[in-house]
Every structure is written in C-alpha cells, then in structure tokens.
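Asks: Quick one: this structure, given as structure tokens, is what I'll be asking you about.
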Amino acid sequence: MRDSGIAISGKRTGLFAGIALLVAAFLPAQAAELGRQRADKPRDQIVVAAPPSLATVAAAVSAAFGGRFETPAPQVAETSTRSAFSDFCREPASLPDMVLSNRRMSHAELARCRRADIGDIVEIPVGFETAVFVTRRGGPVLDLTVDQLFDILGAGGTRPVRWEDLGVRSFGDPIRILLPPQADRTFGIVREQVLMTACRGRPGLGDRLDAAARTAACGAVRGDGGVVTETEERSIPKILAEGEIGLVGNSVFQRSAADLQPVLIDGQGPSILPVVSGDYAAARPLFVYAKTAQMRKGRGGGRVRGLRDLADFIAGDDVTGQNGILGHLGIVLLPAERRVTVRMRTMALVPFDR
C-alpha cells in the first residue's frame, strides 16, 4: 500500500466491562511490506480500514474477533473512506483487506477494482448510524422538516430567532439548540444527511459548481446565540432545559430515553422501520467490504488467513445480531429477516455488484 495518509490508531478504548480494546500501531512502511509479500506466502495479519468516526466500532469488532478465534486481532487503519477504497482497489494484494464504510462503494470505485482485477468483493450491510434531535420528555412533541432544520442550523439559512418565526408555537422562546462538536460523528450525520440534502438547489449555496465550496457553504453552522456548538454530547441530556433542542447519537438517546423524546423529522422518528426504509433523514448506512480472492478458504486460494472467518463473524449474531456488538454501540440493526439474508449471502460469498 502506498503512503496515502492512512493513520493507525493506538488508543485503548474501554467499551465493555473488563475489556480494553487496542487499535494497534501499524506504520505505513510496515503495511507496505505486508502488501509486498510473495504471492504464494499466506499471512495472518488482517488490515481493516475505517474512517476516524468509525474507528472505535472497528476496534470493538477486531478485539472480539481476536478473542473468539485466538488469532491476531485485525489491525485498524484510520483513513478517509475515499482513501480506503482507493487503496483497497489498487491491486489484488494491496491493503486494506477489508473496509468499514459509512456509505456504499460507488460505481466508479467498483469499476476501479475491476480494472485492477482484484477479483470478487463481498458486501456486508451491517446497520445504520443515526443522529437524534431531542427535547425534554413531557413537553410538546416537535415535528420539523429538513428545510426547517437547515434554516435553524445553517449559516446559509434564514436563522430564525424565535420559534414563532417558523410557525412553531407553545414550545419555547427563543430558539436554542445544543450541538456536539462539528468534528463529532453525530454532527457529521446531520451535516451530510440533513444540511446537505436541504441545501440542494438553494441559490448561492447548493448550486455552486465546486464540490468543496458547495460542501463548505451548505454544511456551515450559524454562529449566533441560537446554536450552541462544541457541547460534549454525553452532557447534553443533563443540561438540556425545557424549550431547548439537543443533538445526540442513538446510543446516548437510548440511555437517556426516560428523560428525552425525539424530534420528528418530516413526520418520522428514529425507530427501526423509518431508519431502514430511508424515511428518517438523520441516518446513514454502514457497510463492510472484503476481497474474496484474498480469503484463505475463498475462491482462488487466497493468502490471508482468517479473512473469511472475519467476514462471517461480522455477518453473524455476535456483531450484527440483536444482542451483538454493534447494537451495544448504538448502531440501528437491520431487521431480523434482512440479517438472515445478509448472513447467507456472506457465507456464500455472493459477489457485490451495482
């Protein structure tokens, strides 16, 4: 693998009682050396790439896999999703062996994999990340549109000062929203799925030709007193007052559900069916991709021991089941019948196509 900016996290993350999760230090030069090993020489070390926002998820899966199979825990490489797919598709033996992504592999990325002749790819849908706007339980239930949320939050919106300016009555006055840091994974979901969606076609914002300028303009948050940014997410349920809205991830919301109620978005709440159907706006899907040809027991006599076991493990109950790792981390799981289908396709190594 070329030095593409992939960084390997070295933090210990305590996600479950009695377990310290290690994301191993793994220098780019070492990664490149693994990728240059002779084609006929198997290796035991699996490398999984994930964006920084999903590094703890990847680390939890890695540690659980290592403990279950008594094998080296997969190395977790932190990098952007775009860079991860670029390296994944470079050549058959290039690293990473697996990618955890918060979006589906694009047509262009799949085409690049095919041009590089890396062989079949298995796709494993694993669930959805969700962000939840919340208010104190017992107050009025709010139902806001995506456009209203953009106007409330966005620097390019109308930036109303009072709820009455939006036609919302009997809630509170003035408007006050508590947001986690903008680098936080929860806010990233809202920026991508809510702000960017509502911004499309807005004159001077969503119609900009330059993608970076469009993203900067549409994703910017208003800087006046109506929105309080950089609030530590876990503290929001404790400090949220009546007449205020907070933004938290699903795991924080579930732990505080006795005190908080969700704000509906276009009439939909963050429950399983609206999330899975795409009707709930503040959610994005998670996928895992792996190279079938590199699997030791896969087609073509692959050279990475444990890679197929890891794919089956991720598709199984320990990770994506009702009481699996991802559910404990706040990921909204697929419905049971869909999980069965995904597991069968993964075990059969059904090739990914678009």
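The values are calculated or read from the model by the stated rules, or taken from the named source; none is laboratory data. Small disclaimer: the values here were computed from a predicted structure and weren't measured. Using ideal geometry, Cβ is built from the backbone for each residue, glycine included, and neighbour counts are taken over all protein chains shown.
Asks: Only one residue in E192, E242 is part of a loop (DSSP other than H, G, I, E, B), in contact with a Gly (Cβ under 9 Å, 6 or more places away or on another chain) and among the acidic types (D, E), so which one is that?
Replies: E242
Asks: Being free of Cβ contacts under 8 Å to residues at least 24 places away in the same chain and small (G, A, S) is the filter here; which residues of region 234-255 pass it?
Replies: S235
Asks: How many residues does region 147-165 hold that are surrounded by 17 or more Cβ atoms within 10 Å (Cβ to Cβ) and either basic (K, R) or in contact with an Asp or Glu (Cβ under 7 Å, 6 or more places away or on another chain) (or both)?
Replies: 4
Asks: Would you confirm, using the coordinates I've provided, whether D318 is outside any helix (DSSP H, G or I), surrounded by fewer than 20 Cβ atoms within 10 Å (Cβ to Cβ) and either at pLDDT 95 or above or not assigned by TED's automatic domain parsing to the domain that holds E70 (or both)?
Replies: No: the conditions fail for D318.
Asks: OK, next. Could you say whether any residue in region 278-292 is under 27 Å from C113 (Cα atoms), more than 22 Å from the chain's Cα centre (by Cα) and either crowded, with 18+ Cβ neighbours inside 10 Å or basic (K, R) (or both)?
Replies: The answer is yes; a qualifying residue exists.
Asks: Looking at this structure, is T197 polar (S, T, N, Q) and either farther than 26 Å from G139 by Cα or at pLDDT 95 or above (or both)?
Replies: It is true that T197 is polar (S, T, N, Q) and either farther than 26 Å from G139 by Cα or at pLDDT 95 or above (or both).
Asks: Restricting attention to helices (runs of 4 or more DSSP H) lying wholly within region 53-120, give those where 3 or more residues are touching a residue at least 40 places away in the same chain (Cβ under 8 Å) and over 21 Å from K41 (Cα atoms).
Replies: Answer list for region 53-120: 55-69, 81-88.
Asks: What number goes with the only condition from (1) over 24 Å from Q75 (Cα atoms); (2) among the aliphatic types (A, V, I, L, M); (3) in contact with a strand residue (DSSP E or B) (Cβ under 8 Å, 6 or more places away or on another chain) that A257 does not pass?
Replies: Evaluating A257 over (1) over 24 Å from Q75 (Cα atoms); (2) among the aliphatic types (A, V, I, L, M); (3) in contact with a strand residue (DSSP E or B) (Cβ under 8 Å, 6 or more places away or on another chain) leaves (3) as the failure.
Asks: Something else now. Regarding region 127-143, can at least one residue be identified that is farther than 19 Å from L264 by Cβ and in a helix (DSSP H, G or I)?
Replies: No, region 127-143 contains no residue that is farther than 19 Å from L264 by Cβ and in a helix (DSSP H, G or I).
Asks: Same structure again: Find the residue count for region 278-305, including only residues that are in a strand (DSSP E or B), at pLDDT below 95 and under 19 Å from M344 (Cβ atoms).
Replies: 1
Asks: Condition first: in the same structural domain as R305 (by TED's automatic domain parsing), at pLDDT below 95 and within 14 Å of the chain's Cα centre (by Cα). Can you find one or more residues in region 56-78 that meet it?
Replies: There is at least one residue in region 56-78 that is in the same structural domain as R305 (by TED's automatic domain parsing), at pLDDT below 95 and within 14 Å of the chain's Cα centre (by Cα).
Asks: Right, here's the next one. Identify, from the list R308, R343, R339, R354, the residue that is charged (D, E, K, R), closer than 25 Å to A116 by Cα and in a helix (DSSP H, G or I).
Replies: When all the criteria are applied, what remains is R308.
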